[in-house]
Amino acid sequence: MAELKYDENGRLLFTKEMKKDYTLLAPQMLPDHFAMVVEIVRSYGYKVEMLENAGRPVIDAGQKYVHNDACYPAILVIGQLINAIQSGKYDPHKVALVITQTGGGCRASNYIHLLRKALEKADLAFVPVISLNLSGMEKNPGFQLSVGILRKAIFALIYGDLLLCVSNQVRPYELTKGDTDTCVQQCMNFLLADMHQGKGMSFKSMNANFDRITAAFKAIPVSQEEKVRVGVVGEIYVKYAPLGNNNLCDFLLSEGAEPVVPGVIDFIIFKINNREVDVDIYGGRWIKEKFCHWLQKYVMKYQHAMIDALRRSGFRAPGDFTELHSYIKGYLGDGNKMGEGWLLTAEMLELIHIGVPNIVCTQPFGCLPNHIVGKGMIRKLKDDYPWSNIVAIDYDPGATKINQENRIKLMLANAKALKKEQELQSQTPVPSEAKAPAL
Amino acid sequence: MDLRVGIDIGSTTVKVVVLDEQNKLLFRSYERHFSKTRERAAQTLRSITDILSGKNVHMVITGSAGLGVSKVCGIDFVQEVYATAAAVNQYVPGTDAVIELGGEDAKIIFFGGALEERMNGSCAGGTGAFIDQMASLLNVSIDQLDELSLKHEKIYPIASRCGVFAKSDIQPILNQGGRKEDVAASIFQAVVDQTVAGLTQGRALKGKIVFLGGPLHFLTGLRERFVDTLHLDNDHAVFPEDGDCFAAMGAALCATDYPSRPFEECLKLLEESVDATTALDVMPPLFINETNYAAFLSRHNANHPPVADLATYAGDAWLGIDAGSTTTKMVLIGPEGGILFHYYHSNQGNPVAIVLEQLKEIYRQCGNRVTIKGAAVTGYGEELIKNAFQCDLGLVETMAHYKAAAHFNPQVDFIIDIGGQDMKCFKIRNGAVDSIMLNEACSSGCGSFIETFAKALGYDIASFSKLGLFSPHPVNLGSRCTVFMNSSVKQAQKDGAGVEDISAGLSISIVKNAVYKVIRAANADDLGKHIVVQGGTFLNDAVLRAFEQELGREVVRPTIAGLMGAFGAALSARDLHLEQSDLLSIEALQSFSHNAKPATCGLCTNHCSLTVNTFDGGRKFISGNRCSRPLGKEKQTLPDLMKYKYNSLRSYHGKGQGTGVRGRIGIPFGLNMYENLPFWFNFFTTLNFEVVLSPESSRKLYIKGQHTIPSDTVCYPAKLLHGHVEALVEMGVDAIWYPCMSYNYDEGIGDNHYNCPVVAYYPELLAANIPQLKETRFLNPYVGLWRHRDCEKHLAEIMGKEFAIPHRETVAAVQSAYQEYTSFLHDLRSMGELYVEEARQKGLPILVVAGRPYHADPEINHGINDLITGQGFALITEDAVSWKMGYESRNVLNQWTFQSRMYNAARYVCAQPDIQLIQLVSFGCGTDAITADEVRSILEAHGKLYTQLKIDDINNLGAVKIRIRSLMAAMEARSRGKDHGDS
C-alpha cells in the first residue's frame, strides 16, 4: 500500500507512487468504446481495467452503500465499483477508482462524492478516487488527462460510434446468427492492436480504418426483410449500459425490431458547445468561447469523417451535430444543458426526421433533466408529428422487466397500427390543414 | 371461419372470451386467478370444451401477466392496450377516448387524429389493487365501499399518486372520526384524479368516452366520480355491457391475423406450460429446519413482562392506550409492569367505539379490587381518545416506545417499530430519543402490505407468513415501495415462484426496505448494540428472522411487541404518580355518546378539513386543525419568518412606482420566483409595466393545471406551475414572463451556483405542454442574474427586441431591480435577527426551517409553519441565516445556490445552543437525495438533532406532528440532561 496523501480539503489523492502499482478500475457504460479508451490509457503507463461484473450483486452493493433516492446510474456505477473491490479479485490497497464527472447542474456531478461516501461506509476510505472531467475539477499528482490522451480518447469514441452504428444496422438482418458480433470483435481486435502500437491515431489512418470496418460489415450476408426501426434515446447511462436498461437492445432485437442508437460523440460535442453558449448568454471570457469553438470544430472534423465513411459505404449515416442542433428550434433553448439537455430532444427529432418515429426514451426513475427534455417534450412532438410514437421507460432497482417490456410492446404494436393509418392517409388526399407540420 | 378465443391474463384476473364469425360473444368469463395464472386459464378452457372440442381455433393471449404465459406456452400474444383499441373500434365505433382500469394498470387510448395509447408509468397507483387495499383499510368489501361512496356528502383531498400516499391521507381522516361514506367517495375521486393527471398528459379528454376494465365495470360510485369530474352526459359516457372483458374480446378479434390450431392442441400447450418454471432470483432460506426455528423462538420468548393476573389481582393499576393508525392497543398494568389486561385489534375505522367497549370490559373485570390511578394515550388517535375519555396524559409515540423498550433493556440504543402503516426507528442517546427515522410516504412496505397481499392470494396473514418460514428459496423482490413490490411479485409469479417463496420474499423485502431505505444503514453498528424491535409486524417470525439475518446480529423482541406503545403509555401513566385519574368512570361511560361531523375551517387560507367530535354533555373536540383559531382561541403569533416572507412577496404586484402604460406582465408565483420576484417586479414596474401575479397556490389551482403535467414523478412545487400559468392566461395579461435560469445568484458559499434542472428549465416544459400558451405571449428567454453588467446588456437586448424599449432605459431598470432585490434580502435577514432576539427574550425554542424559497408557499408546506409555531417554536428560514457563514468545502459537490444555503444554515445552527434545524424536502426532489445526508452529517457532527419532513401534495400532517413533537421531547430531555450535568 502506498502512502496516503490528502489535499488541503482532506481529499485523498492519487499519487505518483500509486501510479506504479495501483490498478485503476473504471465502471462500464459503453463496452466497446470504453475498452478502447482503457487501452489508450494503458499505453500511457497506467494499469487500468474496465469492470464487467453485473447482475444482482452489483445492484445490492449499490443499494447498500448509496442513498436509495439517488439516481439509478449512481447506484449501478458505485455498486459495480464496490462490488469489484469486495470480490476479492483485487488487493483493495492497490486499486484506485475512476469515475466521470461532467460538472453540470444535474445530480450526476455528485456521483464522485456519493462514491466516496459509499467507500467510507464500506470501510474502504483508503481507496483513492479519480475524477475524469473537462472542467479542471479535482486534480491528482499521479494522474493527468494529457492532451494526448484526450485526443486519442476522442478517436476511440468515434471508432466506437462507428461500430455501434454499423453493427446495429447489420445485426437484425444477419443470416448467420453471431456474424455481427464476431465482426465487432474482429474490428475491436485490430483497433486495439493498432492502438497498442500507437497506430490508427492520425486522421488519415483513421479514415482507412473506417473503410476497413464498413467493408467488413458490408460483407456480412443479410436478409432483405423489413423490420420496424426503434430509436433509443435517454439519460446517457441507461441509454447505453445493458446493465442499466435491462438489455434493451437485445429485447428489441428479440421482438423483431432494429434498434437505432445515436452515438456518444454528439454528447461530447454538446458538452463543449455548452461552454461556448454559456459565454454567449451570460457573458464571460471571449478566449474561453474561442477555445471551445475551436475544440468543437476539431471534434466535428472527425465526426464528419465518420459520417462520410458511412455514406460512401452505403450505410445510413446520422446527421452531424449542427444538424441535430437545427432541430430544436421552437422546442428548447441552447442554454438547456443539464444532463443530456436539448441534445436528447434533438435526437428524438432527428430520429423522427430520418423515418424512425418509434422511440424508447429511457431514464432513471425520477431523473431531473428528463422531466423536461424527455417526458416534457413528448406531447409537443406528438402534436407536431402525429406519427411519432414515443414511450418513456423508467429504470430503477425495483422496476420490473415485465412492466418495462409490456410498455415497449405497446409501443411496437402502436408502430404497426400507426404505419397502417399513415399509409391509408397517404393514399387518400389529405386536406391541407390536417397535414403534419413536418419540418 | 374458425372460432376465435381471446385470453386476457391480468394481474389479478383471467378473462376468456369466444367469438363467432359475426363477432358475437359465445362465451365469456371473468375470474380471479390468485396468482395461479396458467392453471386458471387452462381450467376455464377445459370447462368450455363442449363449445370448442374438435374445432380449429385462433387463440391469442393478452394482458400484463399474459406476456410470460405466452412465452412459455408458445401461444401468440398481443399487447392488451392494442387489443382493447381493436375491440373498441369494432363494438363502439365513433369513440374519442377510452379509459381502462385494471388490477394494477391504468390505460388510456385516444382515437381521432393519430392514435395515442398510454399506460401508467411504474410509479402509479389508482387502480384496482389500490381500491382493494383501500377497502381493506376501511374494513369493508369492495361492494360495500361502492355503496358507501354513493352516500357521500363531501370529498376529502386524498393524494392520488399511489396507494401508500393515499393511506396516509385516509388514516387520519378515519382516526379523527371522518365519515366512511365520504372517505369511500374520496378514494374513487383520487382514482379519477390520478387517471386524468397521470395519463392524459395534455391531451384533452372530450367527446365520447368509453370506460372499461373490472373496477369501472363493477363500481357505480367510481363511474359517478368519472362522469362528474369530466362533465359527461349519458351520450358521452359509455359503459359497455362487457366492459370487463374488452381486452380479451380485442385479443379474439386480433386472433384473425394469427394461424389457427385444433382446440385440443391449444389446451395442451397451455396445460403443459403449467409446470414450466424459469430461473428466479432467490435468497437463502430463513430457517434450515425446525430445531433451528425452535431455538429462535425460545430465545425471543424469554423477553416478557412480569406475570400478572387480573382475576386475582387487587390494588392500583394504570392504563395505556395506543390508538394506532390501523389498530388499537390497550394495556392495563400493575406497579411492576405486569400485564393485567391487554387488547389488540384492528380499529375498523372507529377507534372511539373500540376503546369505549374495552374500557367497559376493563371496569367489569376490575370490579372493586382494582383502582385505575392513571391513564395515558399515544398514537395517531391520541388527541381524539384523550379528549373522548379524559385520559391524564397524551404522549408522542416515540417517547412511549422508548419507555417500553427501556423496561426490557435499560441500555437500549436503537428501537425499530414496524406497524401496520408506518415504520419508526430511532436512536437513543443520553437517555433521549435522537434521530428519528420514519418511513417516507413512498416506501411504506409495512405490515398491512403483507396482509393485503395474503388476502389477495387467498390466505389469512398468520398462515401466510408461516408458509414463508421454511421456504427453501425466498424470492428476491427488491426493496422499494409497494407498487414496485407488486410488480416484482407479479414477475416472480410469472417465473413460477410458489406462495411460500413469495411469502418469505415479502418478509425479507420489508426488512430490506427498513434497513436500507428508512434507516440507510450499511452495517449493524450503524444501528446500535442494543436493538429492541417492536410493532405488530415483528410478531411475524419471518420478518424478525429476516431482520436478524440482514443485520447479522441478535435483537430483542419482547413477547408484547405489538403492545409496546400501549405498554409504554401505561408506564408513563404510572410514573405520573397521580392520586386520582381523570379517566371517565364506569358510570360516565354508560351515558357516553360520540358524534363526528366533517367541516372546513374558513378562518384562513389553509382551509383545514376539520372533524368536529361532540361527546355527551356537550363536550367537544375539533381535530384536523393546524392552529388554535377554530378552537375559538386567539391564534398565537409567535415569530414566523416563513409567513413574513410569503406576505412580503405577495405584496409585489401592481404598478409600483411606474405608470403601467406598457401593458400587463403576468408572473407565475412559484419555484424560483419566490427568490426573484422582487427583482422582476421592480424591473418591470420601472419600465412602466403593470405586474400581475398569479393567484395564491391552492389544491384547486393544482387540479386546474393537472391535465397538462407530463411527468407524474416531478416535485409538487413544479406541478403547481401549470395551474399558475393557466390562471395568468385567463387573467388576460399581455405577456407572461418566466425566464429559464440555469444559474442562480452566486452567493460565494458554494462550488458553483446552479439552479436544479427542474427550476432551471420548467418554463420550457410549460411552453411545450400547455395549449393555451400557444395563443399567449409567453416569454421564457435564458437569463443569468449573477453577472450584473452582462445581465444589463442581455436584458436590454431582449427588451429591445420584444418591446422596443431603448437600451438605456432597460439598463437603468436592471440597476434599480438589483437594488430592490438587495433591500428585500436585507429586510429578510434583519427580520430574522429580530425574530431570534425576540425569541431569546421570551425564552422560546428557535427552529430554522431549511428548504427552498418556494417552500414558503402554504399549499406546498401545508401550513407546517403554523404547526411549528403552534408547538411553541419561533420559526426562521434558511436564507435568513445562511449568509452569516462563509464558504467551506463540503463532502459533496456544493453546486446549487438554494442547496448551499441549507448547508450554511446547518453550520450556523451548530454554533447556536438554542436553535435546531428541520429540513423540508419535496417528494421527488432529486437534489435532496444529496443534501439530506450532508445536512444530517453537518448537524450530527456537532451533536445537533436532524429532522426531515418530506412533503408532497398530501395534506396530512400526522407524521409531521410526530416528528416535531419528538424533536421537542428530545430537546427537553437534552436540556434536562444538561441541567443534571451542570449541577
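For the reader, a short list of remarks on this structure follows.
- Meeting the requirement of 3 or more residues that are out of contact with any helix residue (DSSP H, G or I) (no Cβ under 6 Å at 6 or more places or on another chain), at pLDDT 90 or above and open to solvent by 20 Å² or more (accessible area, probe 1.4 Å), the helices (runs of 4 or more DSSP H) wholly within segment B:356-459 are B:397-408.
- Scanning segment B:66-82 for residues that are among the small types (Gly, Ala, Ser) and at the interface with chain A (Cβ under 8 Å from one of its Cβ atoms) turns up just one, B:GLY68.
- Helices (runs of 4 or more DSSP H) enclosed by segment B:498-588 - at least 3 residues per element that are crowded, with 22+ Cβ neighbours inside 10 Å: B:499-512, B:541-551, B:564-574
- Close pairs (7 angstrom Cβ cut-off, 6 or more residues apart or separate chains): part of a strand (DSSP E or B) in segment B:592-605, of a type in the set (D, E, K, R) anywhere: B:PRO598/B:LYS154; B:PRO598/B:ARG179; B:PRO598/B:ASP182
- Answer residue from segment A:264-277, given it is in contact with an Asp or Glu (Cβ under 9 Å, 6 or more places away or on another chain) and open to solvent by 20 Å² or more (accessible area, probe 1.4 Å) and is modelled with the highest pLDDT among those: A:PHE267
Okay, residues lined up against (1) at pLDDT 90 or above; (2) surrounded by 24 or more Cβ atoms within 10 Å (Cβ to Cβ):
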residue	(1), (2)
B:LEU52	no, no
B:GLY66	no, yes
B:GLY74	no, no
B:VAL78	yes, yes
B:ILE99	yes, no
B:ASP132	no, no
B:ALA135	no, no
B:ASP143	yes, no
B:PRO157	no, no
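- Any hit, segment B:231-238, residues being open to solvent by 20 Å² or more (accessible area, probe 1.4 Å), assigned to a helix (DSSP H, G or I) and among the acidic types (Asp, Glu): no
- Test: residue in segment B:780-788 that is facing another protein chain (nearest Cβ under 9 Å), out of contact with any Asp or Glu (no Cβ under 8 Å at 6 or more places or on another chain), part of a helix (DSSP H, G or I) and open to solvent by 30 Å² or more (accessible area, probe 1.4 Å): no
- Considering residues of segment A:352-373 that are surrounded by fewer than 24 Cβ atoms within 10 Å (Cβ to Cβ) and assigned to a helix (DSSP H, G or I) only, the residue nearest to the other protein chains (Cβ to nearest Cβ): A:ILE352
- Filter pass, B:ARG808 being away from chain A (no Cβ under 12 Å) and open to solvent by 60 Å² or more (accessible area, probe 1.4 Å): yes
For (1) free of Cβ contacts under 8 Å to residues at least 60 places away in the same chain; (2) under 26 Å from B:GLY926 (Cβ atoms); (3) within 14 Å of chain B (Cβ to nearest Cβ), each residue gets a yes or a no:
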position	(1), (2), (3)
A:GLN28	no, yes, no
A:ILE40	no, no, no
A:VAL48	yes, no, no
A:VAL58	no, yes, yes
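- Verdict on B:THR686 being out of contact with any His (no Cβ under 8 Å at 6 or more places or on another chain) and closer than 29 Å to B:ILE962 by Cβ: no
- Taking every residue in segment B:796-809 that is part of a helix (DSSP H, G or I) and pairing it with any residue that is loosely packed, with under 14 Cβ neighbours inside 10 Å and hydroxyl-bearing (Ser, Thr, Tyr), at least 6 positions away or on another chain, yields no pair with a Cβ-Cβ distance below 6 Å.
- Flag for B:ARG4 being more than 14 Å from chain A (Cβ to nearest Cβ) and either open to solvent by 20 Å² or more (accessible area, probe 1.4 Å) or of a type in the set (Gly, Ala, Ser) (or both): no
- In segment B:923-949, the residues that are surrounded by 23 or more Cβ atoms within 10 Å (Cβ to Cβ), in contact with a strand residue (DSSP E or B) (Cβ under 7 Å, 6 or more places away or on another chain) and within 23 Å of A:ASP394 (Cα to Cα): B:THR927, B:ASP928
- Residue check, B:ILE709 part of a strand (DSSP E or B) and aliphatic (A, V, I, L, M): no
- Within segment B:661-678, the set of residues being outside any helix (DSSP H, G or I) and either under 31 Å from the mean Cα position of the chain (by Cα) or not small (Gly, Ala, Ser) (or both) comprises B:VAL661, B:ARG662, B:ARG664, B:ILE665, B:ILE667, B:PRO668, B:PHE669, B:GLY670, B:LEU671, B:ASN672.
- Condition broken by B:LEU584, with the remaining ones in (1) under 23 Å from B:ILE339 (Cβ atoms); (2) in contact with a Lys or Arg (Cβ under 9 Å, 6 or more places away or on another chain); (3) not β-branched (Val, Ile, Thr) satisfied: (2)
- In segment A:321-348, residue nearest to the other protein chains (Cβ to nearest Cβ) [restricted to those that are surrounded by 24 or more Cβ atoms within 10 Å (Cβ to Cβ) and within 28 Å of A:LYS416 (Cβ to Cβ)]: A:THR345
- Any hit, segment A:391-398, residues being more than 10 Å from every other protein chain (Cβ to nearest Cβ) and either crowded, with 24+ Cβ neighbours inside 10 Å or closer than 21 Å to A:VAL260 by Cβ (or both): no
- Filter pass, B:ASP182 being acidic (Asp, Glu), at pLDDT 80 or above and either more than 20 Å from B:LEU138 (Cα to Cα) or open to solvent by 20 Å² or more (accessible area, probe 1.4 Å) (or both): no
- Any chance A:GLY376 is within 12 Å of chain B (Cβ to nearest Cβ), assigned to a helix (DSSP H, G or I) and modelled with pLDDT under 95: yes
- Taking the criterion of being within 28 Å of B:ARG965 (Cα to Cα) and of a type in the set (Ser, Thr, Tyr), the only residue of segment B:819-850 that qualifies is B:TYR835.
- Residues located in segment A:237-288, provided they are within 14 Å of chain B (Cβ to nearest Cβ), in contact (Cβ under 8 Å) with a residue 24 or more places away in the chain and either closer than 30 Å to A:ASN406 by Cα or not in a helix (DSSP H, G or I) (or both): A:VAL238, A:ASN245, A:ASN246, A:PHE251, A:GLU255, A:GLY256, A:ALA257
- Residue in segment B:164-171 that is more than 13 Å from the chain's Cα centre (by Cα) and modelled with pLDDT of 75 or more present: no
- The selection criterion, being at pLDDT below 85, closer than 21 Å to B:ARG699 by Cβ and open to solvent by 10 Å² or more (accessible area, probe 1.4 Å), holds for B:GLY198.
- When residues in segment B:714-747 are screened for being within 26 Å of the chain's Cα centre (by Cα) and open to solvent by 10 Å² or more (accessible area, probe 1.4 Å), 2 of them pass.
- Subset of segment A:358-384 [closer than 10 Å to A:LEU344 by Cβ and among the acidic types (Asp, Glu)]: none
The values are calculated or read from the model by the stated rules, or taken from the named source; none is laboratory data. Quantities reported herein were computed from a predicted structural model and do not represent experimental measurements. Cβ atoms come from the backbone with ideal geometry, glycine included; neighbour counts cover every protein chain shown. Heavy atoms of the whole protein, side chains included, go into the accessibility calculation; ligands, DNA and RNA do not. Shrake-Rupley method; radii C 1.70, N 1.55, O 1.52, S 1.80 Å.
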